[in-house]
1. Need pairs with beta-carbon distance below 8 Å; first residue in a loop (DSSP other than H, G, I, E, B) and within the range 266-277, second modelled with pLDDT under 90; sequence gap 6+ or separate chains.
2. Among the residues of the range 269-291, is any of a type in the set (V, I, T), open to solvent by 30 Å² or more (accessible area, probe 1.4 Å) and under 20 Å from the mean Cα position of the chain (by Cα)?
3. Given the criteria surrounded by fewer than 24 Cβ atoms within 10 Å (Cβ to Cβ), among the charged types (D, E, K, R) and not in a helix (DSSP H, G or I), does R24 qualify?
4. Out of the helices (runs of 4 or more DSSP H) lying entirely within the range 168-262, which hold 3 or more residues that are at pLDDT 95 or above, more than 20 Å from R301 (Cβ to Cβ) and among the small types (G, A, S)?
5. So which pairs qualify, if the first residue must be in the range 66-85 and farther than 17 Å from K223 by Cα, the second must be modelled with pLDDT under 95 and part of a helix (DSSP H, G or I), the Cβ gap must be under 8 Å, and the two must be at least 6 apart or on different chains?
6. For the range 279-314, name all the residues that are of a type in the set (A, V, I, L, M, F, W, C) and assigned to a loop (DSSP other than H, G, I, E, B).
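The values are calculated or read from the model by the stated rules, or taken from the named source; none is laboratory data. In this text the structure is predicted, and so the values were computed from the model without any measurement. Here the Cβ is made from the backbone with ideal geometry for all residues, glycine too, and neighbour counts use every protein chain on show. Note: accessible area is taken over every heavy atom of the protein model, side chains too, but ligands, DNA and RNA are not part of it. Shrake-Rupley method; radii C 1.70, N 1.55, O 1.52, S 1.80 Å.
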Amino acid sequence: MLLTAVAILLLAAAPWWAGRADMRLMSEIFLYLSLASLWNLMAGYAGLVSVGQQAYVGFGGYMLFALTKFGGFHPVTAIVLAGMLAAVLSVPVATLIFRLKGAYFAIGTWVIAEVFRLGFAQVSALGGGSGSSLPVGIVRSLADTRSGREALSYWLALGATVIVLASIYVFLRSRRGLALKAIRNSETAAAGFGVDIWRTKLEVYVVTAALTSIIGGLIFLQKLRISPDAAFSVNDWTAFVIFIVVIGGIGTIEGPIIGTLVFFVLRETLSDFGTFYLMIMGLVAIAVMLKAPKGIWGLVRDRFDLELFPLSFRVKYSVPEKKA
């Protein structure tokens, strides 16, 4: 915890020791880490394998633009409101797609995301299919100077990541988290012990939708422009996220952290090769799944019995004393 606090303080001081390009890269890393951690909570613990989380990324981005341009809200307030609206919207969506199981659930989430994309593409006030940009006045409301705006965007990304990781950790350490891990191990056994499976999964889905929309708002606050194809991109906001979680280690908090670092190292190293870097990343994913099915962190954890975020429960056996 002490090392984590020191690391957060050093990262928070980045506007004074890092360049603009470095801060933008770190902000992107933080936001992808948040998306990967939230998807891991759904798929790795609740068993909700979604390929449609881009629905809430795009929803958060579009709500940022709508609430600031037409509602007059400050961008930060609009992002928080976008998360609340996403939580409300996710309840009827969950009621619909929870009727699907396995691969049908995954396909259903993708269909919902496409419905979102097509719906926002019809809103001419938000640019229709070509998208729109944030007005200069709204951008300047963040800070008077460009450096101030970039620093604020960076701090928001860092703060959101800390909140997401801390929330996931606290949730998994709670009784609800124990129920969730029981569901992951065996739904039948969990139900036999009185766990409300549907309600627990709904809670995870709603919280994930809200936080994902907030992250989506932060993403497009940095981009300052949005369009349906960019906001609801399955490649950017779901495929890359799944890659991060799979190679890092699904079902662990540490996995998305390791996977995010590996992803950005590969991207920054191989991006000059054009589309070939996507093929190389695919080969890396296949190699990791074959050699380390539990991901990189799973391999480390099993070998060294190590947990940076302690979540495991250990059973201690005691030998009764013999009576004289």
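1. none
2. First pass over the range 269-291, keeping only residues of a type in the set (V, I, T): 269, 275, 280, 284, 286, 288.
Restricting the remaining residues to those that are open to solvent by 30 Å² or more (accessible area, probe 1.4 Å) gives 269, 275, 280, 284, 286.
Narrowing further to those that are under 20 Å from the mean Cα position of the chain (by Cα): none.
Within the range 269-291 (the criterion being of a type in the set (V, I, T), open to solvent by 30 Å² or more (accessible area, probe 1.4 Å) and under 20 Å from the mean Cα position of the chain (by Cα)), the answer is no, since none of the residues qualifies.
3. On the way: surrounded by fewer than 24 Cβ atoms within 10 Å (Cβ to Cβ): yes; among the charged types (D, E, K, R): yes; not in a helix (DSSP H, G or I): no.
When the stated conditions are applied, R24 does not pass them.
4. Working: elements: 175-185, 187-192, 197-223, 228-231, 240-248.
Counting at least 3 such residues, we get 197-223.
5. F70/A125
6. Taking the range 279-314 as the starting set, the residues that turn out to be of a type in the set (A, V, I, L, M, F, W, C) are 279-281, 283-290, 292, 296-297, 299-300, 304, 306, 308-309, 311, 313.
If the condition is that a residue be of a type in the set (A, V, I, L, M, F, W, C) and assigned to a loop (DSSP other than H, G, I, E, B), then A292, L306, L308, F309, L311, F313 are the ones that fit.
Every residue, every condition in (1) over 16 Å from A43 (Cα atoms); (2) within 14 Å of the chain's Cα centre (by Cα), yes or no:
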position	(1), (2)
Y154	yes, no
V207	no, yes
L211	no, yes
G217	yes, yes
W237	no, yes
G249	no, no
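Rundown of residues vs (1) under 30 Å from V136 (Cβ atoms); (2) open to solvent by 40 Å² or more (accessible area, probe 1.4 Å); (3) in contact with a helix residue (DSSP H, G or I) (Cβ under 9 Å, 6 or more places away or on another chain); (4) among the aliphatic types (A, V, I, L, M), yes/no style:
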{"site": "Y154", "(1), (2), (3), (4)": "yes, no, yes, no"}
{"site": "R173", "(1), (2), (3), (4)": "no, yes, no, no"}
{"site": "I226", "(1), (2), (3), (4)": "yes, no, yes, yes"}
{"site": "V241", "(1), (2), (3), (4)": "no, no, yes, yes"}
